[in-house]
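Here the structure is laid out as structure tokens; the discussion comes afterwards.
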Amino acid sequence: MDFLFQPWPWYVSGVLIAVVLFLFFYFGENFGVSSNLETLCTIAGADKVSDYFKKDWKSKKWSLVFLLGLMMGGFIAKTWMSASSIDLNPTTVQELESLGFFNAGATYVPNELFSIESLFTLKGFALLLIAGICIGFGTRYAGGCTSGHAITGLSNLQLPSLIAVIGFFIGGLLMTWVLFPLIFG
């Protein structure tokens, strides 16, 4: 069991990702979360509001199984396989404390952002709302999500996916080094 609790080396996780992608390619499907969320929106009736969602969701039943697997995997990992703390660089902990994150390393996500209490503050609600709109717009504008472009698109050698992944990294760097200190500094 110790092996399961440690970060897996690239030659194990990389091979597992390759096997999953091979199965997706073999069955003619794409790997990515955003297309699965589109299926959920269609089932919920979004096709009555937007032509974009006028799709045959019954042909995408597999995506519901995929989403269920993601949720079950997340639950299993959180409940039985999570480390009690994260070994962060002391400089990182100090920088995060200067921004108001006082339990850096105690959990995977900071309670200052991801708790019910923070959701009911104006700043917390505004951050989640704006972030959700940006992610939704970006996913639609880029033609897919980070996992779809970075894993499926790059393995297919698609130039648009390479451009999207470069954009994701630039956005992440801007968020980390420019926007994050402005928001929380």
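Filtering the stretch 82-98 to residues that are at pLDDT 85 or above and not in a helix (DSSP H, G or I) leaves 88, 89. When residue 152 is tested against (1) farther than 19 Å from residue 31 by Cα; (2) surrounded by 12 or more Cβ atoms within 10 Å (Cβ to Cβ); (3) of a type in the set (Val, Ile, Thr), only condition (1) is not met.
Checking each residue in the stretch 24-39 for being open to solvent by less than 50 Å² (accessible area, probe 1.4 Å), within 21 Å of residue 156 (Cα to Cα) and assigned to a helix (DSSP H, G or I) picks out 24, 34, 35, 36. Here residue 101 fulfils each of the conditions (1) assigned to a helix (DSSP H, G or I); (2) surrounded by 14 or more Cβ atoms within 10 Å (Cβ to Cβ); (3) aromatic (Phe, Trp, Tyr) apart from (1). Out of the residues in the stretch 1-14 that are open to solvent by 80 Å² or more (accessible area, probe 1.4 Å) and over 21 Å from residue 76 (Cβ atoms), state the one that is modelled with the highest pLDDT. Ranking the candidates gives 11 first.
For residues that are polar (S, T, N, Q) and farther than 30 Å from residue 7 by Cα, scanning just the stretch 40-82, find the one that is least open to solvent (accessible area, probe 1.4 Å). The residue in question is 42.
Within the stretch 120-131, residues that are in contact (Cβ under 8 Å) with a residue 12 or more places away in the chain reach no partner that is in a helix (DSSP H, G or I) and charged (D, E, K, R) with beta carbons closer than 6 Å at six or more positions or on different chains.
The values are calculated or read from the model by the stated rules, or taken from the named source; none is laboratory data. Just so you know, these numbers come straight off a predicted model, no measurement behind them. Virtual Cβ from ideal backbone geometry, glycine too; neighbours counted across all protein chains shown. Remember, those area values only see protein heavy atoms, side chains included, never the ligands or the DNA or RNA. Shrake-Rupley method; radii C 1.70, N 1.55, O 1.52, S 1.80 Å.
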